[in-house]
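Here the structure comes first, spelled out in structure tokens, and everything after it is commentary.
Each reported figure results from applying straightforward, stated rules to the coordinates on display, with no laboratory input. This is a predicted model, so every value here is computed, not measured. As a convention, Cβ positions derive from the backbone with ideal geometry for all residues, glycine included, and neighbour counts pool all protein chains shown.
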Amino acid sequence: MFTDVPTDTDTDLAAGSAGPADAALVEDVSTGDVDAFLELWRRHRQAAYDFAGRWSQPDGPSESAVNRAFADVLLEISAGCDVDGPFRLHLYRRLFAESSWDLHPDVPLVVRAFGALSAQSRTVLWYRVVEDEPTGSVALMAGVHGDELYALQRVAEVELRTRWLAEIVEAPSTAPGCAWMVPRIDLRPCGVLAPASEERYDSHLHRCGHCQQVVLDLADVSALLHHAAHALVTPHDEDQDCRYPPARPAAGSQTT
């Protein structure tokens with residue numbers, strides 16, 4: 001399969017050449033452009049092999065499974081499915097859709113925060129933070145200039161941090177005292193809280209291990225995302241293959 005594609009993989013995909021962003025290639029694939037899909041395969045196949053070998057069980061995804069995952073993605077794009085954000089993350093999810101991993105019902109809040117970001121922010125964070133790809137490669141895949149990437153990454157990290165804090169506040173498991181304190185974590189060092197609020201903040205932080213951990217994690221939310229790579233690619237109950245939408249209930253039937 002795809003035997004006419006070169007098998008040598010440069011460390012930096014952008015070295016010595018330029019090309020369309022992954023999103024543009026996906027758009028071309030949706031119109032039937034086979035060459036665009038071959039380019040996506042060339043860019044991402046080695047990473048998929050490496051990721052499979054690093055994360056799978058001994059009987060996990062093989063080279064043939066990687067090729068099947070690419071074929072599944074091709075079918076999804078051809079069917080009009082939305083493949084936004086990092087193409088490689090979408091590929092990994094297809095790769096492990098039938099895996100035997102132990103699935104955890106509780107999705108880490110940083111993963112939920114990541115999913116709420118823009119497609120560009122997710123793309124930049126995935127390739128730079130999770131996979132630590134070279135700047136030139138990320139710029140090519142994201143469709144931006146290399147000198148813009150640092151600023152885009154900083155914006156994406158701030159968005160992730162803000163969204164993660166919001167997820168903590170909104171989580172049903174978050175105690176009322178923690179939900180009050182978390183939005184004030186950045187305000188306390190600035191000295192803008194009222195004296196009564198400062199006293200309440202300090203008292204709560206002194207006795208709450210959960211909020212102490214949140215304060216520590218805030219120092220590097222990107223590290224949380226990096227360590228959540230397993231959860232990012234693991235299928236969850238709410239995941240649905242867009243090629244097979246849920247059947248609509250028959251007319252007159254009742255749902256519970």
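Phi angles across the stretch 221-234 convert, under the Karplus curve 6.51 cos²θ - 1.76 cosθ + 1.60 with θ = phi - 60°, into 3J(HN,Hα) values of 5, 4, 5, 4, 5, 4, 6, 9, 4, 4, 5, 5, 9, 6 Hz, Gly and Pro given as x.
Taking the convex hull of the Cα atoms, report for the stretch 97-239 its projected area averaged over all directions, in nm².
Quarter of the Cα hull surface area: 10.3 nm².
Please give the net charge around Ala223, taking every other residue with its beta carbon less than 15 angstrom from that of Ala223, where Lys and Arg add +1 and Asp and Glu add -1.
Working: positive: Arg128, Arg161; negative: Glu131, Asp132, Glu157, Asp217, Asp220.
Here the charged neighbours net out to -3.
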